[in-house]
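Below you'll find the structure, written out as structure tokens, and then a few comments.
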């Protein structure tokens with residue numbers, strides 16, 4: 001069995017991809033250094049490769065003082081030995097976690113990232129480097145799989161990522177196993193600090209590290225870590241391709257018609273929905289988008305209703321209750337407005353607010369077998385027959401949007417209203433639905 005390349009070789013390859021040109025000395029790499037084996041190896045390898053570095057250590061105030069103070073002193077001593085600047089600060093994570101309701105681990109991560117960004121900005125750092133390794137990547141994928149994730153989530157931790165404020169994060173060890181880094185440190189007689197809490201299986205990640213991954217390795221696949229890393233690599237590439245395809249589709253609404261697609265692929269619509277929600281300040285995950293928007297409508301159109309807790313709302317507020325909601329297809333959206341009475345106009349449909357009540361309003365495609373009770377007909381009629389009466393070409397019928405309320409077809413916008421949902425008088429409360 002061939003031995004894997006040594007840590008310095010793997011590190012140099014990764015850094016050559018992440019930073020093809022070494023940064024100038026006045027734009028150093030800020031190394032997040034806890035004192036653990038991964039971050040110590042990162043600092044040493046960067047320094048030996050002649051990268052300009054500063055070391056940064058945040059004292060979280062979570063562990064017993066002798067241990068946490070010892071970590072801080074160790075990193076300070078390492079920076080002095082390497083002859084590089086050292087930055088440190090103290091945080092009160094227990095108090096922050098109590099104030100926000102986050103777990104101590106999440107509060108610590110948020111505080112650490114915020115402080116590292118602030119420090120990097122102060123020293124004009126080229127990037128912030130962290131010691132996440134191949135085992136961290138495998139653990140992250142298993143955690144995300146267990147909790148539910150998207151193709152983007154399966155990409156795991158990104159080797160390089162840039163925050164909206166421009167901060168660049170580098171993780172050159174993602175392809176290097178934890179044991180490989182420890183072996184290199186031992187061969188060079190380099191000490192590091194062990195955090196005793198890493199052995200505590202109360203934390204989910206530690207449970208995955210000490211129980212789940214060893215079990216999968218022993219009982220299922222001896223190379224489970226490598227398999228998970230391959231999955232992350234494939235998912236990252238395919239997620240990037242889907243992002244590019246979604247951006248192209250948004251800029252070219254008729255793109256898929258060239259290939260005979262009647263509508264955008266579901267994966268593209270989901271990705272566009274997620275992007276729209278995030279742009280509107282809603283940080284929903286793709287899983288939430290799927291659960292709340294697509295699945296209830298048989299993977300067709302989103303749901304909207306008067307109770308904002310029943311649907312993901314974005315867009316401008318139309319009245320005290322209703323809001324715009326993008327339908328995530330070709331820029332189409334509808335505005336629903338409370339008013340009185342109704343008008344005869346091909347660009348809007350009016351429904352009785354009393355008849356709708358608190359029921360959600362669904363916008364979806366017409367499906368064969370759909371039927372409704374058109375106003376004035378006195379009976380039920382199939383939509384396919386109504387299309388024939390209205391002389392709607394067959395090739396266009398697949399694009400028709402119907403309005404459904406409580407399982408009934410309430411209207412064909414611009415053409416027909418169902419009798420149970422018709423506005424009875426000019427003073428009756430009504431809902432005006434029109435393209436926004």
Computed Rg/Rh for the range 51-168 (Cα atoms; Rh = Kirkwood radius) stands at 0.99
Give the percent of DSSP beta bridges with both residues in the range 7-231 that are antiparallel, rounded to the nearest 5.
-> 20
Chain lengthening between residue 81 and residue 179 when straightened (0.36 nm per residue, less Cα-Cα) | 32.8 nm
Place the peptides 80-93, 167-180 in order of packing, highest mean first, counting for every residue the other Cβ atoms within 10 Å and averaging per peptide.
-> 167-180, 80-93
Quick one: which of 351-362, 20-31 comes out on top by average Cβ neighbours within 10 Å, and what's the full order, highest first?
-> 351-362, 20-31
Could you put 77, 150 in order, starting from the residue whose Cβ has the fewest other Cβ atoms within 10 Å?
-> 77, 150
Relative contact order, percent, the range 36-193 [alpha-carbon distance under 8 Å, six or more residues apart] | 26
Share of pairwise Cα separations in the range 7-231, more than 30 Å, in percent | 22
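Coordinate-derived values only; no laboratory data. These numbers were taken from a predicted model, which means no experiment stands behind them. Note: ideal-geometry Cβ built from the backbone for every residue, glycine included; neighbour counts use all protein chains shown.
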